[in-house]
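Input: a single structure, listed below in structure tokens.
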Amino acid sequence: MNDTARHPPKLGMLVFILATLTAFGPLSIDMYLPAFPQIASDFKTSISTVQLSLTSFFIGLALGQVFYGPVIDRYGRKPPVYFGLVVYGLASVLCAFSPNAETLIFGRFLQALGGCAGMV
């Protein structure tokens with residue numbers, strides 16, 4: 001008898017994990033939209049420059065899904081999702097400590113590349 005037959009996964013925890021992975025992308029978009037004026041003020045730049053961080057996020061989300069689809073088909077779900085979570089976490093730290101708008105835009109692109117792993 002294998003381990004999964006002896007220890008069935010807890011359905012509630014599985015649903016929570018899948019919901020969290022799926023929510024990374026949309027929450028990463030919606031949670032910071034109201035902060036655009038404050039971000040523009042902090043970086044002493046225009047709101048249109050800050051909006052480029054949203055554009056770069058969508059580009060990263062699109063490219064990441066094209067990348068992760070075949071990778072997940074080849075290697076299974078776990079390794080690419082773990083990799084994506086690490087990329088998402090590191091990119092989030094980069095965004096949090098961005099010294100300027102350009103670094104934030106790049107960090108948001110990387111954040112999307114990592115965050116979309118759970119959505120594929």
Response to the item:
Between the residues Gly89, Pro37, Phe106, the Cα farthest towards the positive end of the dipole of the range 27-120, that dipole coming from +1 and -1 charges on the beta-carbon of Lys, Arg, Asp and Glu, is from Gly89
Worksheet item: More than 24 Å apart: what percent of Cα pairs in the range 23-120 qualify?
Response: 22 percent
Worksheet, complete the sentence: Note, the range 42-49: 3J(HN,Hα) by Karplus (6.51, -1.76, 1.60, θ = phi - 60°), whole Hz, Gly/Pro = x, goes 5, 8, 6, 9, 7, 5, 5, 5
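Multiply the residue separation of Leu33 and Leu85 by 0.36 nm, subtract the distance between their alpha-carbon atoms, and state the gained length in nm to one decimal.
On the way: separation 52, 0.36 × 52 = 18.72 nm, distance 2.20 nm.
Contour length minus the Cα-Cα distance gives 16.5 nm.
FYI, it's all coordinate maths here, none of it is from the lab. For clarity, every value in this text was computed on a predicted model and none was experimentally measured. Every residue, glycine as well, gets a Cβ built from its backbone with ideal geometry; the counts of neighbours run over all protein chains shown.
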